[in-house]
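The values are calculated or read from the model by the stated rules, or taken from the named source; none is laboratory data. Note that this is a predicted model, so its numbers are computed, not measured. For neighbour counting, all protein chains shown are included, and Cβ atoms are generated from backbone atoms with ideal geometry for every residue, glycine included.
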Protein chains: 2
Amino acid sequence: MDSLGAIAELINQNDDFLVAAHVSPDGDTLGSALALARALARLGKRAQAVCEDAVPHIYEFLPGAADMLRSENARPARVAVAVDCADAQRLGSALPLFRAAEKTINIDHHETNNAYADYNFVEKAGATGEHVLRLINLLGPEPDADMATCLYAAIMSDTGSFAYSSTTPDSLRAAAMLVERGADPARINRRIYRTIPFGKQKLLGATLTGLALHENGRIGLACLSAADIASCGALEEDTEGIIDHIRDVEGVEVAILIRESASGVFKVSLRSKHFADVGGIAASMGGGGHKRAAGYTVLGSMEEAASGALTLAREALRA
Amino acid sequence: MDSLGAIAELINQNDDFLVAAHVSPDGDTLGSALALARALARLGKRAQAVCEDAVPHIYEFLPGAADMLRSENARPARVAVAVDCADAQRLGSALPLFRAAEKTINIDHHETNNAYADYNFVEKAGATGEHVLRLINLLGPEPDADMATCLYAAIMSDTGSFAYSSTTPDSLRAAAMLVERGADPARINRRIYRTIPFGKQKLLGATLTGLALHENGRIGLACLSAADIASCGALEEDTEGIIDHIRDVEGVEVAILIRESASGVFKVSLRSKHFADVGGIAASMGGGGHKRAAGYTVLGSMEEAASGALTLAREALRA
């Protein structure tokens, strides 16, 4: 493990950079990459921010997002920095560009990070954005309002607006500093959390209207057929996050959302609140995840998928 | 306006206190009152925390909530402190107790506060809890985990988990300090925001299922009859906050939620996102509120209430 000071020194000695975000980018990887690229540019260095995927709609407001390059439009640089990537594969099509650099840097907050670069700074934190803020402070350019906005979005989004157990005093202090530098907490929150497509909101309505409780309210189950999703004008990706609204019901320990992904193919998502091991359920069905959030796929009918999931959830409640 | 130092001095010279929260208590008034009462007790003083109303279910987890007294069970004290009350009337049935004290103190973050006590500390902030933390730091007892939990809940709930425009660097720094003192951000967030009665969640489902857009998606309108509310197993109070989910729809500028409060009586709630003056709409109908959040009551049928609100909202969009 290398220090941020050593990384700052390497950066000071070079002037051509690639800053890479991970595939399916989230607020932390995007905000971290854009803030670092901007800080490097402010120091008079060349810096390309790059990602395999396009910037998702809700993050388009991030300053610099319009200049973010898709992998195929970027060129190799002397130094490449990966932000928020627990392993090199998370770079997707940006991996060859990363590997083409003479020196590589890996800055991340995932404890599972496997130190795949020449210089690795990996430390548990609410968000990689916290580390990037520290690095920028070492490099010298005072974070301007644009960098502050990117880094605040990184920290806020990766801590669920300071609601996840990963939130630390350092996360909150970094956020305070970024607000002082010009980040607007209300605007950033609204752009990321409160700009919901109509179809997704209708889908939430359909999910909750169909929500049923089982086992004295300890299991909440909702099912969405392909027709339900289509009639809401929603996309399958709009189901993301909807299961949280089932888990949020008072008394529910296991939340189950089943959606028809293709004819006869059902995706079962599971969440638990306090103790039930839904990762075990998913593993027994050939799926994956962890204790509190997991999922698997089954073939058959919606009724079979629902009764199978209920049986497994009942067992998990008793375990 | 008095300094917190002068208030700390008055507190140090006395040993019998009443700490009063406002009617319809929220997290800020409760967390502030309970933390201050606990700090006073830690200093060896007598301290009663009091409120006209019972502690709402979602705040029952606050340390000390079970010892909070209803007004009729409290007795006068030598010094009374009102927390988070913009005027004395907000104390409700605790006002006679407050007035019976030899010395009164008013600690608040509402700029409209009319300085009704002998000692007044009123300063704009994300939450009154920020001021109470500063006062406790002046008084001396290191905030313990219970005080930290109360004050974190106060600040988090009054800033919408650091999402409202009232969130300042000081709010975030106070939160950081409270996490260091033992407040658990994830647990407090879950208890306050993620413990939703089944009936309320069903009501959200019914609202969003019935949600319709008008004026090219710039107006979102949903209606809830008394029968809708009853069939969800919900109470009328469960409608609180539901309009936010309408306003959150991408492109919606004016959100309208109409609920049947009694036969032929309709409560119209209005929210706007960026520019529309819904306070003006409400005022023209004999209601109240401000530019971004307002409401009024009309008699007649649901159809009349809806078409009237739509007409006014269209005008507000053009203004």
**Filtered residues of the range A:194-242 (kept if farther than 23 Å from A:E304 by Cβ and among the β-branched types (V, I, T))** = A:T195, A:I196
**Prompt:** Residues of the range B:59-87 being touching a Gly at 6+ places or on another chain (Cβ under 9 Å) and touching a residue at least 60 places away in the same chain (Cβ under 8 Å), which ones?
**Reply:** B:Y59, B:L62, B:V83, B:D84
**Message:** Please determine whether any residue of the range B:50-58 is free of Cβ contacts under 8 Å to residues at least 12 places away in the same chain, assigned to a loop (DSSP other than H, G, I, E, B) and farther than 21 Å from B:R181 by Cβ.
**Reply:** no
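For (1) buried (at least 24 other Cβ atoms within 10 Å of the Cβ); (2) under 19 Å from A:S71 (Cβ atoms), each residue gets a yes or a no:
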residue	(1), (2)
A:A8	no, no
A:S24	no, yes
A:A33	yes, yes
A:G44	no, no
A:C51	yes, yes
A:E60	no, yes
**Item:** Check on B:A37, in contact with a Phe, Trp or Tyr (Cβ under 9 Å, 6 or more places away or on another chain), under 28 Å from B:F162 (Cβ atoms) and either at pLDDT 95 or above or not in a helix (DSSP H, G or I) (or both)
**Value:** yes
**Candidate set from the range B:121-146 (those that are over 17 Å from B:V81 (Cα atoms) and hydrophobic (A, V, I, L, M, F, W, C)); member that is surrounded by the most Cβ atoms within 10 Å (Cβ to Cβ)** = B:A125
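Yes/no matrix, rows are residues, columns are (1) in contact with a helix residue (DSSP H, G or I) (Cβ under 9 Å, 6 or more places away or on another chain); (2) under 29 Å from A:V268 (Cα atoms); (3) modelled with pLDDT of 95 or more; (4) not basic (K, R):
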{"residue": "A:Y152", "(1), (2), (3), (4)": "yes, no, yes, yes"}
{"residue": "A:Y164", "(1), (2), (3), (4)": "yes, yes, no, yes"}
{"residue": "A:S171", "(1), (2), (3), (4)": "yes, no, yes, yes"}
{"residue": "A:R181", "(1), (2), (3), (4)": "yes, no, yes, no"}
{"residue": "A:R191", "(1), (2), (3), (4)": "yes, no, no, no"}
{"residue": "A:L204", "(1), (2), (3), (4)": "yes, yes, yes, yes"}
{"residue": "A:T209", "(1), (2), (3), (4)": "yes, yes, yes, yes"}
**Request:** Please state which of the following conditions A:A294 fails to meet, knowing it meets all the rest: (1) at pLDDT 95 or above; (2) in contact with a Leu (Cβ under 7 Å, 6 or more places away or on another chain).
**Result:** (1)
**Asked** Is it true that B:A86 is closer than 23 Å to B:N113 by Cβ, among the hydrophobic types (A, V, I, L, M, F, W, C) and more than 18 Å from the chain's Cα centre (by Cα)?
**Response** no
**Complete:** Only one of B:R38, B:R90, B:R42 is assigned by TED's automatic domain parsing to the domain that holds B:F162, in contact (Cβ under 8 Å) with a residue 60 or more places away in the chain and in contact with a Pro (Cβ under 6 Å, 6 or more places away or on another chain), namely B:R42
**Single residue of A:L133, A:L97 found to be within 18 Å of A:A21 (Cα to Cα), within 14 Å of chain B (Cβ to nearest Cβ) and in contact with a helix residue (DSSP H, G or I) (Cβ under 7 Å, 6 or more places away or on another chain)** = A:L133
**Message:** Taking the criterion of being surrounded by fewer than 20 Cβ atoms within 10 Å (Cβ to Cβ), touching a Gly at 6+ places or on another chain (Cβ under 7 Å) and within 11 Å of chain B (Cβ to nearest Cβ), would at least one residue in the range A:213-222 satisfy it?
**Reply:** yes
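Okay, residues lined up against (1) within 25 Å of the chain's Cα centre (by Cα); (2) modelled with pLDDT of 95 or more; (3) not assigned by TED's automatic domain parsing to the domain that holds B:E303:
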| site | (1), (2), (3) |
| --- | --- |
| B:R218 | no, yes, no |
| B:D248 | yes, yes, no |
| B:E253 | yes, yes, no |
| B:A262 | no, no, no |
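Yes or no, residue by residue, for (1) touching a Ser or Thr at 6+ places or on another chain (Cβ under 9 Å); (2) of a type outside the set (S, T, N, Q):
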{"position": "B:T239", "(1), (2)": "yes, no"}
{"position": "B:I242", "(1), (2)": "yes, yes"}
{"position": "B:I258", "(1), (2)": "yes, yes"}
{"position": "B:V278", "(1), (2)": "yes, yes"}
{"position": "B:G286", "(1), (2)": "yes, yes"}
{"position": "B:S307", "(1), (2)": "no, no"}
{"position": "B:L310", "(1), (2)": "no, yes"}
**Request:** Search the range B:177-198 for residues being of a type in the set (A, V, I, L, M, F, W, C), within 17 Å of A:P169 (Cβ to Cβ) and surrounded by fewer than 24 Cβ atoms within 10 Å (Cβ to Cβ), and hand back the single one that is farthest from the other protein chains (Cβ to nearest Cβ).
**Result:** B:M177
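Quick check: anything in the range A:113-125 at the interface with chain B (Cβ under 10 Å from one of its Cβ atoms) and either closer than 24 Å to B:V179 by Cβ or not in a helix (DSSP H, G or I) (or both)?
No, that holds for no residue.
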**Asked** Quick check: anything in the range B:89-103 of a type in the set (D, E), under 26 Å from B:M177 (Cβ atoms) and assigned to a loop (DSSP other than H, G, I, E, B)?
**Response** no
**Message:** Looking only at the range A:153-173, how many residues end up being among the small types (G, A, S) and within 7 Å of chain B (Cβ to nearest Cβ)?
**Reply:** 3
**Prompt:** Can you find even one residue in the range A:237-248 that is in contact with a Lys or Arg (Cβ under 7 Å, 6 or more places away or on another chain) and away from every other protein chain (no Cβ under 14 Å)?
**Reply:** yes
**Prompt:** If you check A:L203, A:L235, A:L208, which single one turns out to be out of contact with any Cys (no Cβ under 8 Å at 6 or more places or on another chain) and buried (at least 19 other Cβ atoms within 10 Å of the Cβ)?
**Reply:** A:L208
**Message:** If I go through the range B:223-246 residue by residue, how many of them are in a helix (DSSP H, G or I), touching a Gly at 6+ places or on another chain (Cβ under 7 Å) and more than 14 Å from B:L270 (Cβ to Cβ)?
**Reply:** 1
